[in-house]
Amino acid sequence: MRSGSHSSSFASSSSPSSSSSSANVADIPNLLKKADNCMKPAGFFSTLLGRGSDFDAALSIYTQCAQRYKMARLWQESADCYVRASIAAQRMEDPSTEGQMLVEAGNVLKRVSAQDAQEQLEAAAQVYIQQGRWGQAAKIYRSIAEMYEEDEGCHSHSFLGNTIGSLSTSDPHRGSSSSSSTSAGGGGDSLNKILAFYKKAADTYELDEYGKSAYSQCRCKYAEYAAKNDQTIDEAVKIFEQEGDKATRNNLLQFSAKDFYLKALVLLLASGDTVSAKIALERYMARDPRLEGSREGRLASALVEAMGEGDAEAFTAAIEEYDRISKLDPWKVHFLLRAKRKLLHGDGSAEGVGGAVVDEDGGVDLS
């Protein structure tokens, strides 16, 4: 799992930015040889003389070298030293430091390769799991998911970017692939990893006594991305409903229930299931009496009614009225777009939500 070893070469993956930075690391190979010698098992005569492996010294040297390479912006070399430091910590039976060094290696490798960073971060998470440090492990899994969210390869799954492209185009068929749901197996590697690691993070936070809030956050992030796939959109609806139900039972969270229920309802409408949406809305209002009189509740009722009657103008008017006061976030706009396409054509090929565009602040302009 770890790529670093005592025999690994330090072929530069990123050249020094100047001759001074090169000079600043010129002595590091000799220091590493010294650290490697500290890691070697003691021979027979060394043992008799009381001299043996000095893992503590090796750890100190590897860490210093890693930091110096990092300052010189030599990311791969820095990561390799951090991995060596983790091995020294492992030999010292110091799992806390071992995990810390692997996290450092992973964070540095984010500048080089997401896959390599993932490898070291997962190794760190396993170290923490073996210690029963669920919160630390879950935090690492969450950071991996966030890394892939920021990854270049994931831009095609940006709700904001896709919605802007779909709503501003004059060609009904342009951008339709990015706004449509992801088919099974076609969602791209980054999206699959986002889903996998948000789920891992949620599952691990669930084991942490103090991770309830983070558990819910990761579940909701998972649901937001799972909704893009037709095969997992029902799971996303269920998660938002469960989070809404949970919020109604917590005095501190009760006012957030309406947003969870609205998200679940928007997904049902985006699926074109108006009957289920109507039944679900009645259930939500029964569970949360505050919903019916809220702006979210009025929007939900108007959308369900408009979808049921096939009234595109009423659908647009309901969104416009809500958006005058509270700007709809890009995620909701994305799925309202799909719902409007279902309403107009049933095949997801319509131009946009009533010709709406999204402004620079992410708000919806339905004029």
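Laboratory data are not the source of any read-out in this text; all were calculated from the coordinates shown. Here the structure is a predicted model, which is why all the values come from computation and not from measurement. Note: ideal-geometry Cβ built from the backbone for every residue, glycine included; neighbour counts use all protein chains shown.
Based on the mean of other Cβ atoms within 10 Å per residue, sort peptides 102-114, 276-288 so the most packed one is first.
Per-residue Cβ counts within 10 Å, averaged per peptide and sorted highest first, yield 102-114, 276-288.
At a 10 angstrom cut-off on C-beta neighbours, averaged per residue, how do the peptides 81-94, 239-252, 132-145 rank from highest to lowest?
Per-residue Cβ counts within 10 Å, averaged per peptide and sorted highest first, yield 81-94, 132-145, 239-252.
Under 13 Å from the Cβ of SER301, count the other residues' Cβ atoms, weight Lys and Arg +1, Asp and Glu -1, and hand me the total.
So the surrounding residues net to -2.
Under 15 Å from a label point 7 Å along Cα→Cβ of LYS246: give me every residue in segment 188-207 with its amide N that close.
Taking a point 7 Å out along Cα→Cβ of LYS246, the residues of segment 188-207 whose backbone N falls under 15 Å are 198-207.
Under a 5 Å amide H to amide H cut-off, with H placed in plane at 1.01 Å, what residues pair with ASN229 once short-range neighbours are removed?
Long-range HN contacts for ASN229: THR182.
Explain nothing, just compute: Karplus ³J(HN,Hα) = 6.51 cos²θ - 1.76 cosθ + 1.60, θ = phi - 60°, for every residue of segment 325-334 in order, whole Hz, x for Gly and Pro.
Working through the residues one at a time gives 9, 10, 5, 6, 6, x, 4, 5, 4, 4 Hz.
Given 0.36 nm per residue, what is the gain on full extension from ALA286 to GLU93 after removing their alpha carbon distance, in nm?
Gain in length upon complete extension: 63.9 nm.
Would you mind calculating the relative contact order of segment 19-131 from Cα pairs under 8 angstrom and at least 6 residues apart, reporting the percent as a whole number?
Contact order relative to length: 19 percent.
How large is the translational diffusion coefficient of segment 19-131 in µm² per second when you combine the Kirkwood radius over alpha carbon pairs with Stokes-Einstein at 20 °C and 1.002 mPa s?
Taking Rh from Cα pairs, D becomes 147 µm²/s.
Starting from the amide H of GLY211, placed 1.01 Å from N in the peptide plane, find each other amide H under 5 Å away whose residue is 5 or more places distant or on another chain.
Amide H neighbours of GLY211, under 5 Å, 5+ apart: none.
Would you work out which of GLN131, ASN37, ALA89 lies farthest towards the positive end of the dipole of segment 19-131? Charges go on Cβ: Lys and Arg +1, Asp and Glu -1.
Of the options given, the answer is ASN37.
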